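> Next up is a structure, given as structure tokens.
The values are calculated or read from the model by the stated rules, or taken from the named source; none is laboratory data. Bear in mind that the values here come from a model prediction, so they are computed numbers and not experimental data. Counting neighbours? That spans all protein chains shown, and the Cβs are built from the backbone with ideal geometry, glycine included. Note: areas computed on protein heavy atoms with side chains; ligands, DNA, RNA excluded. Shrake-Rupley method; radii C 1.70, N 1.55, O 1.52, S 1.80 Å.
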Amino acid sequence: MATVNIPEEKRTLTEFAEVRAHLATIGIDYERWTPAHEVAADASAVEVLAAYEPEIARFKAEGGYVTADVIDVTPRTPGLDQMLNRFNSEHWHDEDEVRFIIEGRGIFHIHPREGKVVAITVEAGDLLRVPRGTWHWFDLCQERRIRAIRLFQDASGWTPHYTQSGVDRGYEPVCFGPQYFPNRPNLS
Ligand SMILES: [Fe+2]
């Protein structure tokens, strides 16, 4: 389940309905693809895409996406920092950014033209669609692990355009979710 945090309001949303509703107000589509399909930890990209073929086909039909691939990074991925540095400052794309998370976590910051910056921590089962032109940036969580299906309308349109606003530097890429309260005592 995705978690939404609005730092300026010191507000965190964790319920599916309120997460989905709030994201809809800023133009972000959020879905849970459940039940998730079983894919082995070492499944190839082809196997992952085959497992989720029905959902991918539906999304392609609805959104005009023409291709899908799988991004799979771990802390040991060569050039990981350079890869992450392309996307961790505010930018937009000429096409939608669509991610379905298979494994691991990440945090999207969305900067609406009108309204407050929203941080969305995504994890396995979460589908996020960031429409073309949306100002945003992305970081991995502490474990630096993510495996996700990406859908493209035209892969050539996915080059980031940087706003160079510096807004991103005002927000810590702190992921929410199970590790948010690491020292919380057991209250049960
Ligand atoms: Fe992006």
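> Take the chain, connect every pair of alpha-carbon atoms lying under 10 Å apart with a spring to form a Gaussian network, then pick out the residue of Ala124, Ala17, Ala155 with the largest mean-square fluctuation.
Ala17
> Where in region 57-131 are there trypsin sites (Lys or Arg not before Pro) that are in a DSSP coil and have at most 10 other Cβ atoms within 10 angstrom of their Cβ?
Numbers: sites: Arg58, Lys60, Arg76, Arg86, Arg99, Arg105, Arg113, Lys116, Arg129; in loops: Arg76, Arg86, Arg105, Arg113, Lys116.
Answer by residue number: Arg76, Arg113.
> Tell me, what is the percent relative contact order of region 1-128, built from C-alpha pairs under 8 Å that lie six or more residues apart?
Value for region 1-128: 36 percent.
> For Arg76 paired with Arg169, estimate the spin-label separation in nm (one decimal), with each label point 7 Å from Cα along the Cα-to-Cβ line.
3.6
> Taking all protein chains in place and a 1.4 Å probe, what share, in percent, of the accessible surface of region 1-140 do carbon and sulfur account for?
53
> Apply the a/c threshold of 1.5 to the C-alpha gyration tensor of region 1-125 and tell me whether it is rounded, prolate or oblate.
prolate
> Using the Cβ atoms and a cut-off under 10 Å, what net charge is assigned to the surroundings of Pro7, where Lys and Arg are +1 and Asp and Glu are -1?
So the surrounding residues net to 0.
> Can you tell me the accessible area per residue over region 45-155, all protein chains present, probe 1.4 angstrom, in square angstrom? Numbers along the way, then the final one.
Working: 4590 Å² over 111 residues.
Per residue, region 45-155 has 41 Å² of solvent-accessible surface.
> Additional query: For Glu9 paired with Glu31, estimate the spin-label separation in nm (one decimal), with each label point 7 Å from Cα along the Cα-to-Cβ line.
Each label point lies 7 Å from its Cα, and together they span 2.6 nm.
> A further question on this structure: For the chain, modelled as a GNM with alpha-carbon contacts under 10 angstrom, which of Ala45, Ala21, Ala61 fluctuates the most?
Ala61
> Moving to a separate point now. Stokes-Einstein D for region 41-188 at 37 °C, 0.692 mPa s, Kirkwood Rh over Cα pairs, in µm²/s?
So the translational diffusion coefficient is about 201 µm²/s.
> Shifting gears a bit: Please identify the longest segment of the chain free of exposed GluC sites (Glu not before Pro), where exposed means a DSSP state other than H, G, I, E or B and no more than 14 other Cβ atoms within 10 Å.
39-113
> Go through His111, His161, His91 and list them by solvent-accessible area, largest first, probe radius 1.4 Å. Don't skip to the end; give the middle numbers.
Numbers: His111 35, His161 60, His91 0 Å².
Ranked list, largest accessible area first: His161, His111, His91.
> Taking the Cβ-Cβ separation of Ala45 and Phe16 as r and a Förster radius of 25 Å, what is the calculated FRET efficiency to the nearest 0.05?
My answer for the efficiency is 0.30.
> Run the simple label-point estimate for His161 and Thr67 please: 7 Å along Cα→C-beta, distance reported in nm.
Roughly 2.1 nm, to one decimal.
> What are the ³J(HN,Hα) values, in whole Hz, obtained from phi via the Karplus relation 6.51 cos²θ - 1.76 cosθ + 1.60 with θ = phi - 60°, for each residue of region 14-27 in sequence order, with x given for Gly and Pro?
Those phi angles translate into 10, 8, 3, 4, 6, 4, 4, 5, 5, 5, 4, 5, 10, x Hz.
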